[in-house]
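The values are calculated or read from the model by the stated rules, or taken from the named source; none is laboratory data. What you are looking at is a predicted structure, and each value in this text was computed from that prediction instead of being measured. Every residue, glycine as well, gets a Cβ built from its backbone with ideal geometry; the counts of neighbours run over all protein chains shown.
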Amino acid sequence: MARVGNSIIKGIEVEEVIKLLNKAYADEWLAYYQYYIEEKVVKGIMKDAAIAELQEHAADELRHADMVAQRILQLGGTPLLNPKKWFTHTNCGYEEPKDFDVLAILEDAIKGEQCAIKTYSEIIEITRNKDIVTYDIVSQILADEVEHEEDLVALQEDISEFITQIRAKD
Ligand code: FE
Ligand code: FE
Ligand code: MG
């Protein structure tokens, strides 16, 4: 049955919103896995602080995937059913950790967050005054991604500073 909830969407096709959300859905799963695996392989100085942050972010990305999936279903769409499609639909891709050093891991994660901020800002621009519910959900996610970037940058700075101090003592 046609949804009244969809009839309040004006000036943008519901199919277009579903398409954008499915791309974000792919991003969230890949971001989740990136944090999931980084937290396990990370090495080096102050790695415990990094592990705590990476674990927290993994949980957030999985929660974002859930929020996006729920909205896709509300709109009458279907979230991507096959993980293979994550790689063909993603905006931000997947950065396989190659260097397990904590600073390199944080650098990869920061890049991912910066891409997420860019992607969600674009969806916000596209849905503003058109699809208020998606706009609201995406705004909540964007606030988390901005916090993620800040947490990682602050941690990266703390670790770099600590390394500098240790070297100064030599
Ligand atoms: Fe996210
Ligand atoms: Fe994030
Ligand atoms: Mg955090």
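Applying a threshold of 6 Å to beta carbon distances and a minimum spacing of six or more residues, or different chains, the list of pairs starting in the range 54-66 at a residue that is farther than 23 Å from GLN156 by Cα and ending at one that is of a type in the set (Val, Ile, Thr) and near ligand 1 (Cβ under 8 Å from one of its atoms) reads HIS64/ILE141.
Taking the range 1-42 as the search range and keeping residues that are out of contact with any Lys or Arg (no Cβ under 7 Å at 6 or more places or on another chain) and of a type in the set (Val, Ile, Thr), which one is modelled with the lowest pLDDT?
Ranking the candidates gives VAL4 first.
For LEU81, the criteria (1) in contact (Cβ under 8 Å) with a residue 24 or more places away in the chain; (2) of a type in the set (A, V, I, L, M, F, W, C); (3) in a loop (DSSP other than H, G, I, E, B); (4) under 30 Å from ARG3 (Cα atoms) hold in every case but one, which is (1).
Filter the range 135-164 down to the residues that are without any contact (Cβ under 8 Å) to a residue 40 or more places away in the chain, among the charged types (D, E, K, R) and within 16 Å of ligand 1 (Cβ to nearest atom), then identify the one that is surrounded by the most Cβ atoms within 10 Å (Cβ to Cβ). Before the answer, list the steps.
Step one: of the range 135-164, the residues without any contact (Cβ under 8 Å) to a residue 40 or more places away in the chain are 135-136, 139, 142-143, 145-147, 149-150, 154, 157, 161, 164.
Of the ones still in play, those that are also among the charged types (D, E, K, R) are 136, 145, 147, 149-150, 157, 161.
Cutting the leftovers down to within 16 Å of ligand 1 (Cβ to nearest atom) gives us 136, 145, 147, 149-150.
Numbers: ASP136: 12, GLU145: 24, GLU147: 13, GLU149: 18, GLU150: 12.
Of everything passing the filter in the range 135-164, GLU145 is surrounded by the most Cβ atoms within 10 Å (Cβ to Cβ).
Of all residues in the range 36-50, those satisfying the criterion of being in a helix (DSSP H, G or I), within 10 Å of ILE105 (Cβ to Cβ) and either touching a helix residue (DSSP H, G or I) at 6+ places or on another chain (Cβ under 7 Å) or not β-branched (Val, Ile, Thr) (or both) are GLU38, GLU39, LYS47, ALA50.
Hey, among ARG167, ARG63, ARG71, which residue is on the phi < 0 side of the Ramachandran plot, surrounded by fewer than 20 Cβ atoms within 10 Å (Cβ to Cβ), away from ligand 3 (no atom under 16 Å from the Cβ) and part of a helix (DSSP H, G or I)? One residue alone meets the criteria, ARG167.
Within the range 85-113, the residues that satisfy the criterion of being within 13 Å of the chain's Cα centre (by Cα) and either surrounded by fewer than 15 Cβ atoms within 10 Å (Cβ to Cβ) or of a type in the set (Gly, Ala, Ser) (or both) are GLY93, ALA109, GLY112.
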